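Chemist: There's a structure below that I have some questions on.
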Amino acid sequence: MFPLKDNIPTDKPAYVTYAIILANVLLYFLWQKGGLHFTDPKGLHYLENLYEHGLVPKNITHLSHHCLIAPDGNKICQAAPWTTPFTAMFMHAGLLHLGGNMLFMWIFGNNVEDSMGRVRFVAYYLLGGLAAFAVQIAMGPNSTVPNLGASGAIAAVLGGYILLHPRARVLTFIFIIFFFTLVELPALVVLGGWFLFQIFDVSQAHGAGGVAYFAHIGGFAFGLIFIKAFAQKVKQAPPRLPVW
């Protein structure tokens, strides 16, 4: 199930949302050098960049500079672990990771930005990402596995959206084996279903498989709790969404 478009108009162009998307894409290709790998880029520069700038929970909780051994045998230490929550927030582990995150940001970020203005939205986004990482760290304080991704911050955007626009309609692409269709679904179903999927995966795999489900849950919870403190206006949804 992939959302394609919602039916909530915005009053102003969502420049911050667009800038965040552009920053993530440029950093992936030009700074991480992730290339055209759909999952798990293998380039040496990418891996060293991941070890150096990804968020390592143990470095945060132990106030340490835990070093990792890169595939070429070099020892890589994080010079400033406290900067990694911010750098990791703009890093991705392949095109699928990047594309999925940016799709959700493109569809839902503009309306959340429109509800609070650009400066507030920057603060909301960054704080949501930090809250997401905080939950992930709390669930594995001794982990030395680098964490990365905008998913936690975007989960905060989704949590805020679902409270701002629970009756919004989302044009959704649904694919089941060889069958696919476009369906207009309530935002409450699309985003509520996404959140329940995170809960289910945590209960089944305890966050295993390389996905920081606890960060997703933490970011979404931040969005639910703090959206009213940031949002200043809410637009009503039109009755239906034209299907194209």
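The values are calculated or read from the model by the stated rules, or taken from the named source; none is laboratory data. These numbers were taken from a predicted model, which means no experiment stands behind them. Heads up, the Cβs are rebuilt from the backbone with ideal geometry, glycines too, and the neighbour counts pull from every protein chain shown.
Yes or no, residue by residue, for (1) under 13 Å from F133 (Cβ atoms); (2) buried (at least 21 other Cβ atoms within 10 Å of the Cβ):
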site	(1), (2)
K33	no, no
P41	no, yes
E48	no, no
L55	yes, yes
C67	no, no
T84	yes, yes
H92	no, yes
H97	no, yes
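Chemist: Just name the residue that is nearest to A138 (Cα to Cα) out of those in the stretch 10-56 that are of a type in the set (G, A, S) and at pLDDT 95 or above. Show your work before the answer.
Modeler: Within the stretch 10-56, the subset of a type in the set (G, A, S) is 14, 19, 23, 34-35, 43, 54.
Those left that are additionally at pLDDT 95 or above: 14, 19, 23.
Numbers: A14: 33, A19: 30, A23: 28 Å.
Ranking the candidates gives A23 first.
Chemist: Further question: Give, as residue ranges, the strands (runs of 3 or more DSSP E) completely inside the stretch 1-105 that count at least 3 residues that are among the small types (G, A, S) and more than 16 Å from I154 (Cα to Cα).
Modeler: Working: elements: 2-6, 67-69, 75-77.
Counting at least 3 such residues, we get no strands (runs of 3 or more DSSP E) at all.
Chemist: Let me ask you something else. Could you tell me which residue of the stretch 69-82 is modelled with the highest pLDDT, considering only residues that are under 21 Å from L27 (Cβ atoms) and either surrounded by 13 or more Cβ atoms within 10 Å (Cβ to Cβ) or within 17 Å of the chain's Cα centre (by Cα) (or both)? Even if it seems obvious, please write down each step before you answer.
Modeler: Initial filter on the stretch 69-82 (under 21 Å from L27 (Cβ atoms)): 70, 76, 78-82.
Now drop any that are not either surrounded by 13 or more Cβ atoms within 10 Å (Cβ to Cβ) or within 17 Å of the chain's Cα centre (by Cα) (or both), which leaves 70, 76, 78, 81.
Numbers: A70: 67, I76: 80, Q78: 77, P81: 85.
Restricting to residues being under 21 Å from L27 (Cβ atoms) and either surrounded by 13 or more Cβ atoms within 10 Å (Cβ to Cβ) or within 17 Å of the chain's Cα centre (by Cα) (or both), the top hit is P81.
Chemist: Now for a different question. Among all residue pairs at least 6 apart or on different chains, which show Cβ distances below 7 Å where the first residue, located in the stretch 1-12, is touching a residue at least 24 places away in the same chain (Cβ under 8 Å) and the second is in a loop (DSSP other than H, G, I, E, B) and small (G, A, S)?
Modeler: Qualifying pairs under 7 Å: D6/A168; N7/A168; N7/A237; I8/A168; I8/A237.
Residue-by-condition table, conditions (1) of a type in the set (S, T, Y); (2) at pLDDT below 95; (3) surrounded by fewer than 22 Cβ atoms within 10 Å (Cβ to Cβ):
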position	(1), (2), (3)
L103	no, no, yes
W106	no, no, yes
G109	no, no, no
V119	no, no, yes
Y124	yes, no, no
A131	no, no, no
A134	no, no, yes
P141	no, yes, yes
T144	yes, yes, yes
